[in-house]
1. Only bridges whose two residues both fall in the chain count here: according to DSSP, what percent of them are antiparallel, nearest 5?
2. How large is the Rg to Rh ratio of region 1-94 when both quantities use alpha carbon positions and Rh follows Kirkwood?
3. Under 10 Å, Cα contacts only: if you run a Gaussian network model on the chain, which one of R264, R37, R122 comes out with the highest mean-square fluctuation?
4. Where the centroid of each part is defined by its Cα atoms, how far is region 24-76 from region 195-246 in Å?
5. Highest GNM mean-square fluctuation, the chain, Cα pairs closer than 10 Å: which of R174, R18, R267?
6. Over region 153-260, how many percent of alpha carbon pairs lie in each 5 Å bin up to the one with the longest distance?
7. In region 201-305, carbon and sulfur make up what percent of the accessible area (probe 1.4 Å)?
8. When the convex hull of the C-alpha atoms of region 57-192 is computed, what volume per residue in Å³ does it have?
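The values are calculated or read from the model by the stated rules, or taken from the named source; none is laboratory data. Quick caveat: nothing in here was measured; it's all calculated off a predicted structure. Because the Cβ atoms are built from the backbone with ideal geometry, glycine has one as well, and the counts that use them run over all protein chains shown. The protein model used for the area step is the full one, side chains on, heavy atoms only, and it has no ligands, DNA or RNA in it. Shrake-Rupley method; radii C 1.70, N 1.55, O 1.52, S 1.80 Å.
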Amino acid sequence: MRREFVESLVGLAERDERVVLLTGDLGFAALEPFSERFSDRFFNAGVAEQNMVGMATGMAEAGLTPYVYSISTFASMRAYEFIRNGPVLHDLPVRIVGIGEGADYSHNGITHYALEDVALMRAQPGLTLVTPASTGQVAPLLRAVQDVTGPAYIRLSKLSYSVPGLPDEFELGRAHRIGVGEDVAIVALGAMACSAVACADLLAERGVRASVIVVTSVTPAPIEDLIAGLSGVKLAISVEAHYVTGGVGSLVAEVIAENGLRCRLVRAGAKAAPVGMSGSLGYMHDQLGISPERLADRVLEALEVRSGVGVL
């Protein structure tokens, strides 16, 4: 999604002179369309993410709209206090752009696995948190975020995705529903929508009817869409390239509890740090239990336990 992000940002910068881009010495062979077109609005802060966010905070205070670009783990955690004390506490339009969700940087190991960034950013009041599920959603997502007056965290996958049945649309505070299934609702965070749709297809082969709810706007949360999608099912399973604590699984649990929904929840995601583990993205998703096959197994197991005799 990096190419789509940069191309869309160039389009925003052509229409809005306030848009500037900062990088923490990353993004070469990706950011050139912006750096070459707007050399006076491109800044390499070096390997100093805290300073980069500090620079962006000053720029925002001066009336600019800075986009801060780095790998998700570095963008969200290395500069976390600076994000909190700068853009969040002062309600400034700094856009933190994190590249790589979950284990996208698969062979780089756990230091590059973004498994807690959503939880961290969800905790900050007033911060908009968004993550596109497909490459087609990147441009409308950026246009929507550009109008946000306060800070934002944009979580982008390192890869490109096309999700069957998902329109190239984005709206803050809304989720998309793919299919209608009375047995289970699969709630997917961002690009995990691909695994969720593939899981729904596997379940259909076994006679299980599943719908997929794609969450791309985490904050503001799509509360009404989640209530509508979860009200008619007895089982929901959340799937995220993230720890099960603090991400979309926690969001779904909150919606179920706070609205009295009669829906059991199973959370799929990382439950422990994958220390000493690396490999292809497919391998990592399987190890984390979020591949389509592992998800389908979780759903079938949960449905059999609930019925007592099995549903198939």
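1. Details: 7 of 44 bridges.
That works out to approximately 15 percent antiparallel.
2. Answer for region 1-94: 0.94.
3. Among R264, R37, R122, the largest GNM mean-square fluctuation belongs to R37.
4. 34 Å
5. Greatest mean-square fluctuation among the candidates belongs to R18.
6. 2, 13, 25, 27, 20, 10, 3, 0
7. On the way: 2200 of 4450 Å².
On region 201-305, the fraction of accessible area on carbon and sulfur atoms equals 49 percent.
8. Dividing the Cα hull volume of region 57-192 by its residue count gives 117 Å³.
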